[in-house]
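Colleague: Let me give you the structure first, and then I'll get to my questions.
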Amino acid sequence: MTPLIDCTKTAAWAQLHSIAQSLEPDLRQWFELDPGRVERFTFQAGDLHVDLSKNLINDEILGQLVELAERVGLEHKRDEMFAGERINITEGRAVLHTALRRPKGDSLIVDGVDVVAEVHQVLEQIYAFADQVRDGRWLGITGKPIQTVINIGIGGSDLGPVMVYEALLPYVKPGLECRFISNIDPTDVAQKTQGVDPETTLFIVASKTFTTLETITNAKLARTWLLDSLRERGISDDAEAIKRHFVAVSTALDKVAAFGIDPQNAFGFWDWVGGRYSVDSAVGTAVAIAIGPERFAEFLAGFHTIDEHFAHTELAQNVPALLGLLNVWYTDFLGAASHAVLPYAQSLHRFAAYLQQLTMESNGKGVRVDGSPVTTDTGEIFWGEPGTNGQHAFYQLIHQGTRLIPADFIAVANPAYPLKQGEQDVHELFLANFLAQTKALAFGKTEAEVRAEGTADEIVPHRVFAGNRPTTSIFAPALTPAVVGQLIALYEHITFTQGVVWGINSFDQWGVELGKQLANQITPALAGDATALESQDASTQALIAYYHEHRQP
Ligand code: F6P
């Protein structure tokens with residue numbers, strides 16, 4: 001295992017610190033004086049064209065960041081991950097989501113097992129099932145083909161499938177619809193089952209552990225809804241109904257069987273796939289049904305393209321490594337606390353939500369792998385919405401607020417729907433906004449420029465844009481399955497890079513446990529158990545009292 005190096009004790013860290021102290025960013029001037037800047041700071045990874053030139057960097061900063069990565073052993077750690085070493089030390093697990101997208105015929109032996117061969121066995125099972133559903137060969141209990149697939153899962157068993165389904169809607173087979181139930185708020189099940197025909201609905205219960213309260217509760221609610229609705233139509237063979245209308249995705253196939261789902265209809269995966277890294281495993285079954293096995297294979301190949309780039313490209317040209325290092329630069333040296341992700345692609349409207357789990361559950365850690373406290377800030381807050389909607393909502397703060405918010409702008413050259421308004425290509429209107437925003441953020445608008453427009457004196461300060469607000473532009477040819485896979489893998493490896501620099505374990509999530517435990521203790525108090533109520537703190541007791549006062553029978 002690579003030794004743990006304290007990033008803050010390296011010479012590169014000290015150097016970056018001193019550069020940051022005296023940095024006077026001036027992107028206007030940096031662009032003017034350096035005609036080679038854009039070319040030098042533009043990189044390619046697979047289909048992703050990544051322009052870093054509008055970031056607050058120069059050659060020295062990038063050089064020191066790469067030096068820092070070398071000092072903390074990023075390449076060794078990366079190689080350990082790809083090789084299946086147990087780098088998730090608090091759970092004693094390998095971290096092998098990269099094995100999920102290795103091509104058929106590749107081999108990776110971990111603990112005597114060829115994990116790539118196992119991955120492809122399950123993929124074949126999923127593909128055969130997806131084809132049956134798509135071709136109308138998989139029939140519901142009354143002999144009708146499936147029209148609606150409802151995925152029940154939460155966290156990694158929901159966010160990935162939803163985000164990718166939405167991103168790839170133009171590729172979804174006409175006549176098939178996917179819905180997603182995640183929240184234990186009963187509204188979710190109630191609304192998502194509204195208007196669907198139980199005879200043509202298939203539920204996928206997706207849970208790595210098959211113990212998650214939300215998912216198991218929702219699966220039971222869905223089972224009741226299905227059986228009750230069928231009974232109203234005179235169908236009462238419950239076991240057969242569950243067999244035809246429920247499948248599962250899990251690492252715990254024994255628990256799937258206990259729920260009543262035929263183990264024949266369960267797709268497995270492995271404990272070396274983290275929930276938030278699992279959309280490319282059986283957790284993506286809803287997506288595989290929706291877009292079909294061929295497209296799903298392209299999606300996986302997209303991930304693999306970026307894996308290969310990350311694994312084999314020198315750090316100075318390695319896009320995920322550079323982006324991860326840039327995030328460290330902003331977080332630890334320039335004081336940024338958050339990071340915006342702004343896709344100029346409506347289809348990526350769930351991308352920021354997806355990234356929130358990937359990045360924040362991974363890197364929201366306060367201790368290092370050896371249990372000692374972290375030595376610097378970790379885990380910035382990821383957030384965002386698609387442009388142009390965000391422009392009319394929160395961009396004001398990015399442009400003129402007091403906080404530094406590095407932002408990733410993502411766009412594609414070819415729209416899914418090439419519409420024209422008269423002679424105007426509407427995608428070009430859209431892209432003009434993507435380009436205008438990054439330009440405004442970088443170069444701003446000076447007082448002299450504002451005055452030259454004849455602005456009244458007292459309004460001038462309000463119309464000045466300071467500029468030097470950092471952005472990364474990520475451009476791709478189109479939002480294909482492969483490109484979506486590439487984007488996800490890009491952010492997975494960015495997250496990994498940051499975690500390695502900070503010396504944390506990006507693959508556990510103990511921080512979600514306490515709330516789960518307490519909810520179990522509070523549930524009886526809400527139901528009226530006096531002893532459970534007494535053991536609560538005063539604020540919780542008062543809130544429960546409010547609930548009892550207002551809840552109608
Ligand atoms: O509680 C957090 C978490 O464990 C996530 O990491 C995970 O993606 C989610 O819950 C769902 O877990 P499961 O797939 O086991 O139901």
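Colleague: Here are some residues: Val369, Val283. Which one is modelled with pLDDT of 95 or more and within 16 Å of the ligand (Cβ to nearest atom)?
Modeller: Only one candidate qualifies: Val283.
Rundown of residues vs (1) surrounded by 21 or more Cβ atoms within 10 Å (Cβ to Cβ); (2) assigned by TED's automatic domain parsing to the domain that holds Val426; (3) assigned to a loop (DSSP other than H, G, I, E, B), yes/no style:
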{"residue": "Ala321", "(1), (2), (3)": "yes, no, no"}
{"residue": "Val341", "(1), (2), (3)": "yes, yes, no"}
{"residue": "Leu358", "(1), (2), (3)": "yes, yes, no"}
{"residue": "Ser362", "(1), (2), (3)": "yes, yes, no"}
{"residue": "Gly371", "(1), (2), (3)": "no, yes, yes"}
{"residue": "Thr375", "(1), (2), (3)": "no, yes, yes"}
{"residue": "Thr378", "(1), (2), (3)": "yes, yes, yes"}
{"residue": "Gly387", "(1), (2), (3)": "yes, yes, yes"}
{"residue": "Gln391", "(1), (2), (3)": "no, yes, no"}
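Colleague: Could you pull out the residue among Leu543, Leu514, Leu533 that is within 16 Å of the ligand (Cβ to nearest atom) and over 30 Å from Pro320 (Cβ atoms)?
Modeller: None of the others qualify; the one that does is Leu514.
Colleague: Restricting attention to region 183-204, does a residue exist that is within 13 Å of the ligand (Cβ to nearest atom) and open to solvent by 10 Å² or more (accessible area, probe 1.4 Å)?
Modeller: Within region 183-204, one or more residues are within 13 Å of the ligand (Cβ to nearest atom) and open to solvent by 10 Å² or more (accessible area, probe 1.4 Å).
Colleague: Quickly run through region 230-261 and pick out the residues that are more than 13 Å from the ligand (Cβ to nearest atom), open to solvent by less than 40 Å² (accessible area, probe 1.4 Å), under 30 Å from Ala519 (Cβ atoms) and in a helix (DSSP H, G or I).
Modeller: Residues satisfying the conditions are Ile242, His245.
Colleague: Based on this model, can you work out whether Gln125 counts as modelled with pLDDT of 95 or more, in contact with a helix residue (DSSP H, G or I) (Cβ under 7 Å, 6 or more places away or on another chain) and away from the ligand (no atom under 16 Å from the Cβ)?
Modeller: Taking the combined requirement at face value, the residue does not satisfy it.
Colleague: Please identify the pairs in which a residue from region 7-24 that is closer than 21 Å to Val500 by Cα and surrounded by fewer than 18 Cβ atoms within 10 Å (Cβ to Cβ) has its Cβ atom under 7 Å from the Cβ atom of a residue that is modelled with pLDDT of 95 or more and hydrophobic (A, V, I, L, M, F, W, C), counting only partners at least 6 apart or on another chain.
Modeller: Hits for this filter: His17/Phe333.
Conditions (1) over 30 Å from Gln396 (Cβ atoms); (2) of a type in the set (A, V, I, L, M, F, W, C); (3) assigned by TED's automatic domain parsing to the domain that holds Leu435; (4) modelled with pLDDT under 95, marked per residue:
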residue	(1), (2), (3), (4)
Arg469	no, no, yes, no
Gln486	yes, no, no, no
His493	yes, no, no, no
Gly503	yes, no, no, no
Leu514	yes, yes, no, no
Ile522	yes, yes, no, no
Leu526	yes, yes, no, no
Thr531	yes, no, no, no
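Colleague: Whether any residue in region 488-511 is under 17 Å from Phe382 (Cα atoms), under 19 Å from the mean Cα position of the chain (by Cα) and charged (D, E, K, R) is what I want to check.
Modeller: Yes, because at least one residue in region 488-511 is under 17 Å from Phe382 (Cα atoms), under 19 Å from the mean Cα position of the chain (by Cα) and charged (D, E, K, R).
Colleague: Here is a follow-up. Can you find even one residue in region 239-250 that is closer than 27 Å to Thr480 by Cα, within 20 Å of the chain's Cα centre (by Cα) and in contact (Cβ under 8 Å) with a residue 40 or more places away in the chain?
Modeller: Scanning region 239-250 turns up at least one residue that is closer than 27 Å to Thr480 by Cα, within 20 Å of the chain's Cα centre (by Cα) and in contact (Cβ under 8 Å) with a residue 40 or more places away in the chain.
Colleague: Could you list, in sequence order, all residues of region 262-313 that are in contact (Cβ under 8 Å) with a residue 40 or more places away in the chain, of a type in the set (D, E, K, R), part of a loop (DSSP other than H, G, I, E, B) and open to solvent by 10 Å² or more (accessible area, probe 1.4 Å)?
Modeller: Asp271, the sole residue that qualifies.
Colleague: Exactly one condition in (1) modelled with pLDDT of 95 or more; (2) surrounded by fewer than 17 Cβ atoms within 10 Å (Cβ to Cβ) is not met by Gln552; state its number.
Modeller: (1)
Colleague: Is it the case that region 41-58 has a residue that's in a helix (DSSP H, G or I), at pLDDT 95 or above and either under 28 Å from the mean Cα position of the chain (by Cα) or closer than 20 Å to Ala321 by Cα (or both)?
Modeller: No, region 41-58 contains no residue that is in a helix (DSSP H, G or I), at pLDDT 95 or above and either under 28 Å from the mean Cα position of the chain (by Cα) or closer than 20 Å to Ala321 by Cα (or both).
Colleague: If you don't mind, another one. Would you check which residues across region 130-177 are open to solvent by 50 Å² or more (accessible area, probe 1.4 Å) and either within 16 Å of the ligand (Cβ to nearest atom) or polar (S, T, N, Q) (or both) and list them?
Modeller: Gln132, Thr142, Gln147, Ile154
Colleague: With the condition being over 26 Å from Met360 (Cβ atoms) and touching a residue at least 40 places away in the same chain (Cβ under 8 Å), I'd like the helices (runs of 4 or more DSSP H) fully within region 68-167 carrying at least 2 qualifying residues. Outline the logic, then answer.
Modeller: Numbers: elements: 74-83, 115-135, 159-167.
Once the helices (runs of 4 or more DSSP H) in region 68-167 are filtered for at least 2 residues that are over 26 Å from Met360 (Cβ atoms) and touching a residue at least 40 places away in the same chain (Cβ under 8 Å), what remains is 115-135.
Colleague: I'm checking my understanding of the structure. Among residues of region 205-214 that are touching a residue at least 60 places away in the same chain (Cβ under 8 Å) and farther than 16 Å from Val149 by Cα, which one is surrounded by the fewest Cβ atoms within 10 Å (Cβ to Cβ)?
Modeller: Step by step, filter region 205-214, then rank; the result is Leu213.
Colleague: Please indicate, with yes or no, whether at least one residue in region 205-221 is part of a helix (DSSP H, G or I), touching a helix residue (DSSP H, G or I) at 6+ places or on another chain (Cβ under 6 Å) and away from the ligand (no atom under 16 Å from the Cβ).
Modeller: no
The values are calculated or read from the model by the stated rules, or taken from the named source; none is laboratory data. None of the values given here were measured: they were computed from a predicted structure. When we count neighbours, we look across all protein chains shown, and the Cβ atoms used for this are built from the backbone with ideal geometry, even at glycine. Calculation scope for accessible area: heavy atoms of the full protein, side chains included, ligands and nucleic acids excluded. Shrake-Rupley method; radii C 1.70, N 1.55, O 1.52, S 1.80 Å.
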